[in-house]
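Have a look at the structure below before the remarks.
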Amino acid sequence: MPHYTATLEIAHPLAELFTFLTRPKNLVQLAPPDLHLELLTAPDNLTLGSRLVWKGRRWGVSQQMTHEVARFDHEKLIVVEQKKGPFARWVHSNHFEATAAGTRILERIEFDPPGGLLGYMVTAESIGKDLEKLLAYREKKLKEIFG
């Protein structure tokens with residue numbers, strides 16, 4: 001199964017960064033503008049079983065995605081799985097670790113590309129390139145917010 005991993009180093013205390021990332025309304029500002037990401041429904045704070053419904057535009061197609069928090073360990077781990085959306089499989093894990101400089105976040109995204117006609121254009125390689133840009137943007141925004 002294809003996957004992408006990245007490590008983000010943010011010079012900010014783990015507790016505050018974790019709290020920020022468990023508020024879905026904050027996640028929208030961490031997505032590049034070209035994704036046109038909108039949060040349609042979500043709780044105020046993530047917990048185990050929380051459902052988030054997103055709308056975005058990518059590959060020339062407007063899409064809706066439903067994600068669910070599959071694992072949640074306070075200040076240690078958040079795992080979100082796609083329940084409905086364009087990917088055959090999508091699991092996004094965030095592992096948090098306090099460091100002397102602040103917080104380290106290990107992000108791992110496991111995915112299977114879409115099926116059907118979209119799957120011919122959207123390959124694991126192209127998804128990997130998109131994820132590299134997305135997580136670089138996310139790290140930049142987090143450093144701006146918490147810098």
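The values are calculated or read from the model by the stated rules, or taken from the named source; none is laboratory data. Just so you know, these numbers come straight off a predicted model, no measurement behind them. Positions of Cβ are generated from backbone atoms using ideal geometry, with glycine treated the same way; all protein chains shown enter the neighbour counts. When the accessible area is computed, the model is the full protein with side chains, heavy atoms only, and any ligands, DNA or RNA have been set aside. Shrake-Rupley method; radii C 1.70, N 1.55, O 1.52, S 1.80 Å.
A residue that is over 14 Å from the mean Cα position of the chain (by Cα) and closer than 16 Å to residue 82 by Cα can be found somewhere in region 31-41. The residues of region 46-60 that are part of a strand (DSSP E or B), closer than 17 Å to residue 134 by Cβ and open to solvent by 30 Å² or more (accessible area, probe 1.4 Å), listed by number, are 55, 57, 58. Might you let me know whether region 1-16 holds any residue that is more than 16 Å from residue 66 (Cα to Cα), of a type in the set (S, T, N, Q) and not in a strand (DSSP E or B)? Among the residues of region 1-16, not one is more than 16 Å from residue 66 (Cα to Cα), of a type in the set (S, T, N, Q) and not in a strand (DSSP E or B), which makes the answer no.
Every residue, every condition in (1) exposed (fewer than 13 other Cβ atoms within 10 Å of the Cβ); (2) at pLDDT below 95, yes or no:
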residue: 26; (1), (2): no, no
residue: 62; (1), (2): yes, yes
residue: 76; (1), (2): no, no
residue: 87; (1), (2): no, yes
residue: 100; (1), (2): yes, no
residue: 103; (1), (2): no, no
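Filtering region 34-45 for residues that are in a helix (DSSP H, G or I), open to solvent by 70 Å² or more (accessible area, probe 1.4 Å) and more than 14 Å from residue 92 (Cα to Cα) leaves a non-empty set. Being closer than 25 Å to residue 74 by Cα and assigned to a strand (DSSP E or B) holds for only one residue in 105, 145, and it is 105.
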